[in-house]
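Working notes, structure below.
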Amino acid sequence: MTDTLTGPAPRRSLWRHRDFLLLWGGQAVSEIGSAITMLAVPLAAVLLLDAGTFQVGLLTAMSTLPFLLVALPAGALVDRAAKHRLMMWCDVGRLLLLGSVPLATLPGLRLTYPHLLVVALLTGVLTVFFDVAYQSYLPVLLDKEDLVDGNGKLGTTAAFAQFAGPALGGVLVGLLGAARSLIADAATYAVSAVTLFLIRTPEPAPHPAHGERRIRDDVKEGLHFVVKHPILRRIVACTGTGNLFNAMMLAVETPFMVRVLDLEPGGVGLVLTLGACGGIVGGLIARPLANRFGSARIIWLSPLVIGLPAFLAPLATPGWGVLLYAAGLAFFGMMAVVYNVAQVSYRQAITPHALLGRMNASVRFIVWGTMPLGALLGGLLGTWFGLRATVWIAVLGSYAAVAWVFFSPLRSLRDVPLAAEPTPDPV
């Protein structure tokens with residue numbers, strides 16, 4: 001056993017780790033189902049309810065709003081609960097919520113827009129709790145030497161879901177209709193709940209002191225740990241800055257491809273699919289890169305080097321030049337998955353078990369909180385300065401985010417320490 005999260009192979013292959021394979025299999029199926037939902041719910045609003053543009057936008061916002069509203073208290077509650085059981089209940093809840101949509105289309109019943117809003121909002125709340133518990137539960141299943149490998153495998157399936165989910169969703173909507181296609185997503189949550197139920201690795205009991213404290217004090221302690229940590233706060237700043245400019249890019253991406261690159265809808269889908277391939281590659285190479293260059297060093301090296309070809313995107317032109325945009329997206333996706341595997345593994349390795357839920361919730365609250373602002377800035381800058389100029393600004397800003405981790409104590413580390421750091425004093 002070494003004292004750092006180094007590159008040597010884990011003591012046993014994760015392909016023979018029964019409980020991890022159950023978690024991974026359930027996650028893979030659920031991720032594909034969620035990608036179907038991202039397409040099917042808005043289509044249900046448009047095709048069945050004739051929803052307008054603002055209504056569709058509001059529906060989309062409802063699914064992400066819980067990350068700002070409940071992420072912090074969710075972290076405190078996750079640390080007080082058995083994460084394994086909590087994730088199963090979140091899956092069951094999402095199954096029932098999404099299953100209510102096709103049920104409402106049966107004869108004698110009526111699907112309404114408020115129904116979809118409630119489903120989107122409550123599903124988002126359960127997703128917040130599941131995601132916080134999920135990232136906090138992986139260190140229970142795996143030794144810290146295996147976290148990079150485990151997160152890499154999970155990142156690969158998440159990227160594959162982004163690649164295959166929309167296409168599969170389009171086929172299902174065509175065959176079953178927008179509402180009934182959600183049956184497939186509801187079924188994926190059932191699969192995830194069953195695989196979680198079959199996991200037998202014992203989970204440490206929540207710290208007894210949690211029950212004697214106020215939720216507000218627990219939230220403060222989680223934020224204090226993140227903000228006061230000399231490396232963790234730099235990682236959060238890097239991720240939050242990157243998300244700000246990435247949201248700016250997403251806000252103008254479709255108009256840029258349609259109005260500047262002269263792509264038809266089918267061409268837009270093809271470019272996005274090609275771009276998503278980069279994320280799959282990133283998940284596959286995350287572990288080998290961490291072995292070769294160091295599990296801590298790759299946190300700043302991946303955006304600095306792999307992120308550089310993202311500058312191909314704003315150079316794209318109509319015709320064959322659109323491949324430059326696809327290549328830029330692919331390298332950005334590859335970088336994002338490698339970076340996220342490395343930084344999530346670092347966070348899991350250095351955080352005491354009793355703080356994992358609050359740490360993950362605090363990080364998620366901060367780094368997702370920049371995205372609505374980035375989307376708004378993207379729309380404004382696209383209107384004022386033009387679409388290509390906004391794409392340049394977005395790529396430059398996203399690349400510059402690496403400065404937060406490049407000029408940080410991470411540069412003195414090759415690998416992530418295995419020992420969790422001491423719990424900070426209560427605030």
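Some points to look at:
- For segment 247-397, the equivalent ellipsoid derived from the alpha-carbon gyration tensor has semi-axes of 31, 19, 12 Å in decreasing order.
- Carbon/sulfur fraction of accessible area - the chain, other protein chains in place, 1.4 Å, %: 71 percent
- Cleavage-rule hits, trypsin sites (Lys or Arg not before Pro), segment 27-118, DSSP coil, Cβ neighbours within 10 Å at most 14: 110
- Relative contact order of the chain, pairs being alpha-carbon contacts under 8 Å that are 6 or more residues apart, as %: 28 percent
- Spin-label pair residue 203/residue 262, simplified geometry with 7 Å Cα→Cβ offset, distance in nm: 5.6 nm
- Dividing the summed helix terms, -39500 (n - 2.57) for each DSSP H run of n ≥ 4, by the number of residues in the chain produces a 222 nm estimate of -24500 deg cm²/dmol to the nearest 500.
- For segment 392-404, the Karplus equation 6.51 cos²θ - 1.76 cosθ + 1.60, evaluated at θ = phi - 60°, returns couplings of 4, 4, 5, 5, 4, x, 5, 5, 5, 4, 4, 4, 4 Hz by residue, with Gly and Pro reported as x.
- Extension gain for residue 250 to residue 171 (0.36 nm times residue separation, less C-alpha to C-alpha distance): 26.0 nm.
- Taking amide H as placed 1.01 Å from N in the peptide plane, residue 416 has its amide H under 5 Å from the amide H of 5, 295, 296, each at least 5 places away in sequence or on another chain.
- Average accessible surface area per residue within the chain, 1.4 Å rolling probe, Å²: 43 Å²
- Projecting the alpha carbon convex hull of the chain along each direction and taking the average yields 20.6 nm².
- Lysine pairs within the chain, Cα separation less than 25 Å, 8 or more sequence positions apart or different chains: 6
The values are calculated or read from the model by the stated rules, or taken from the named source; none is laboratory data. Remember, predicted model here, so these are calculated numbers, not experimental data. Glycine also receives a Cβ, built like all others from the backbone with ideal geometry; neighbour counts cover every protein chain displayed. When the accessible area is computed, the model is the full protein with side chains, heavy atoms only, and any ligands, DNA or RNA have been set aside. Shrake-Rupley method; radii C 1.70, N 1.55, O 1.52, S 1.80 Å.
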